[in-house]
1. Mind telling me which of the residues T72, T52 ends up being at pLDDT 90 or above, part of a loop (DSSP other than H, G, I, E, B) and closer than 23 Å to S12 by Cβ?
2. Report every pair of residues separated by at least 6 positions or lying on different chains whose Cβ atoms are under 9 Å apart, first residue within the range 1-13 and free of Cβ contacts under 8 Å to residues at least 12 places away in the same chain and over 13 Å from A173 (Cβ atoms), second of a type in the set (V, I, T) and part of a loop (DSSP other than H, G, I, E, B).
3. Looking at the range 28-57 only, could you name the residues that are open to solvent by less than 60 Å² (accessible area, probe 1.4 Å) and among the basic types (K, R)?
4. Across the range 140-177, what is the total count of residues that are open to solvent by 30 Å² or more (accessible area, probe 1.4 Å), on the phi > 0 side of the Ramachandran plot and at pLDDT 90 or above?
5. Restricting the search to the range 93-110, which residues are over 17 Å from S160 (Cβ atoms), open to solvent by less than 50 Å² (accessible area, probe 1.4 Å) and at pLDDT below 80?
6. Taking T83 as the residue in question, decide whether it is at pLDDT below 90 and open to solvent by 50 Å² or more (accessible area, probe 1.4 Å).
7. For the subset of the range 114-139 comprising residues that are loosely packed, with under 12 Cβ neighbours inside 10 Å and over 18 Å from T53 (Cβ atoms), which member is modelled with the lowest pLDDT?
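The values are calculated or read from the model by the stated rules, or taken from the named source; none is laboratory data. Note that the structure is a prediction, hence the values are computed from the model and not measured. No Cβ is skipped: glycine too gets one built from the backbone with ideal geometry, and neighbour counts run over all protein chains shown. The protein model used for the area step is the full one, side chains on, heavy atoms only, and it has no ligands, DNA or RNA in it. Shrake-Rupley method; radii C 1.70, N 1.55, O 1.52, S 1.80 Å.
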Amino acid sequence: GGTPVYAIWNSSDMSPTITLSNGSLTATNDGTANGQVRATVGVSSGKWYWETTFHRDVAFGQWITPAGISKTSELTTQYIGETAGGASWTTDTDGGSFGSKWSGGTQTTGYNTTSAWVDGDVVGMALDMDAGTITVYRNNVSLGVMYSGLSGTYYPATGSSFEPGYAIANFGATAFV
C-alpha cells in the first residue's frame, strides 16, 4: 500500500462561527451561534474510528460541544443532529442528564448519565457503516451504541451551540488514547 491519507477538518465545509488551526485538527467555535465542521473524508462502508479532545471557556458553565457525524445535506449552520442528516452526542444537561444525543431534530436525554463532562475529555467515535451503527467512547469507556440503522455517506463532525470552546481531532495520524 501507499502512504495513508488522514482526514482533517474541512475549511470549505464549516460554519462561519468556526475557525481552524493546528493543521486543521483544532476547531474553535466563537460561541455566537450553532455551527459545525465536517471532516474531509466521508464514509459509506467499512469500520472507522476517530477521537476528539474537548476544551471549553471555563467562564461558561456546562459546555455544549457535540461529537458526531453529519451528511452534506445538513447545513453547517445547524447543530449536529438538528436534521435527519446528522447524529451527535452532546454535553447538554436538559432533563437533568449529563449527556444527550441528537438525531433528526430530536434530543434523547440520559445517554451517559454517570458524570458531567470535564475539560479535556476524549470522545471516541466508532462508526461501523457495514452494520449501520455508531458507538461512543468517553475517556476510553464505551457508552454503547448511540444510533443504529445508519446508511448513506457520513462525515465526522464537531461543533458548538452558543458557547465558546474548541475540539482537537485525531483521525489516526497519531496514536489513539
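1. Residue meeting the stated conditions: T72.
2. Going by the 9 Å Cβ cut-off, the qualifying pairs are S12/T40.
3. R38
4. 3
5. S97, G110
6. no
7. T114
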